[in-house]
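Okay, so here's the structure we're looking at.
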């Protein structure tokens, strides 16, 4: 079953060191953890294939993500379960960040069959903070985006030409002005 996804897109790309660290800070402040039960998936380079790695040292994992020449996915332990974060770019510039949130996290119900809102609030807050603090040009949050054909590369081209398309159920933030990566408040 397709996950819910938060996708942030950056027209000119963002410096990987800054962006990776800001996303990490946002997830940690929202109760996330990057520990030995988390995995790092490095995209293959040429004929060289890489196996998933356990995160032994979170700082080393973040440095590896920042310096990797193509896309990387890492899992985080969040209060409700594991989510995956994919950084996609090249030459130490990231153009897209995707956070995949399993259905089991956002569709959890209490004993009375009512959906638990705390998880929704957490992920809307994460999406909003990522958009605001990392200077994303567009951030969307919906179910099954990638499975239903969403491609961040196509959206990037539309944004470059000034076109805004698509309607997204849970969140759709669009930057009206350019701004630089900001620091996360303490």
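The values are calculated or read from the model by the stated rules, or taken from the named source; none is laboratory data. Just so it is clear, the structure is predicted and the values come from calculations on it, not from any experiment. Cβ: placed from backbone, ideal geometry, glycine included. Neighbour counts: every protein chain shown.
Below are the figures for this structure:
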quantity: Residue within the range 174-184 that is at pLDDT 80 or above, farther than 13 Å from residue 8 by Cα and in a loop (DSSP other than H, G, I, E, B) present; calculated: no
quantity: Residue in the range 38-59 that is modelled with the highest pLDDT, counting only those that are exposed (fewer than 14 other Cβ atoms within 10 Å of the Cβ) and under 19 Å from the mean Cα position of the chain (by Cα); calculated: 59
quantity: In the range 24-48, the residues that are part of a loop (DSSP other than H, G, I, E, B), under 24 Å from residue 95 (Cβ atoms) and out of contact with any helix residue (DSSP H, G or I) (no Cβ under 9 Å at 6 or more places or on another chain); calculated: 43, 44, 46
quantity: Boolean, residue 142 is farther than 18 Å from residue 25 by Cα, assigned to a strand (DSSP E or B) and out of contact with any helix residue (DSSP H, G or I) (no Cβ under 9 Å at 6 or more places or on another chain); calculated: yes
quantity: Criterion: out of contact with any strand residue (DSSP E or B) (no Cβ under 6 Å at 6 or more places or on another chain), free of Cβ contacts under 8 Å to residues at least 24 places away in the same chain and surrounded by 13 or more Cβ atoms within 10 Å (Cβ to Cβ) - qualifying residue of 108, 29, 90; calculated: 90
quantity: Set 99, 130: member being assigned to a helix (DSSP H, G or I) and in contact with a strand residue (DSSP E or B) (Cβ under 8 Å, 6 or more places away or on another chain); calculated: 130
quantity: Extreme residue, modelled with the highest pLDDT, among residues of the range 1-26 that are surrounded by fewer than 20 Cβ atoms within 10 Å (Cβ to Cβ) and closer than 23 Å to residue 147 by Cβ; calculated: 2
quantity: Odd one out for residue 94, checked against (1) in a loop (DSSP other than H, G, I, E, B); (2) touching a helix residue (DSSP H, G or I) at 6+ places or on another chain (Cβ under 6 Å); calculated: (1)
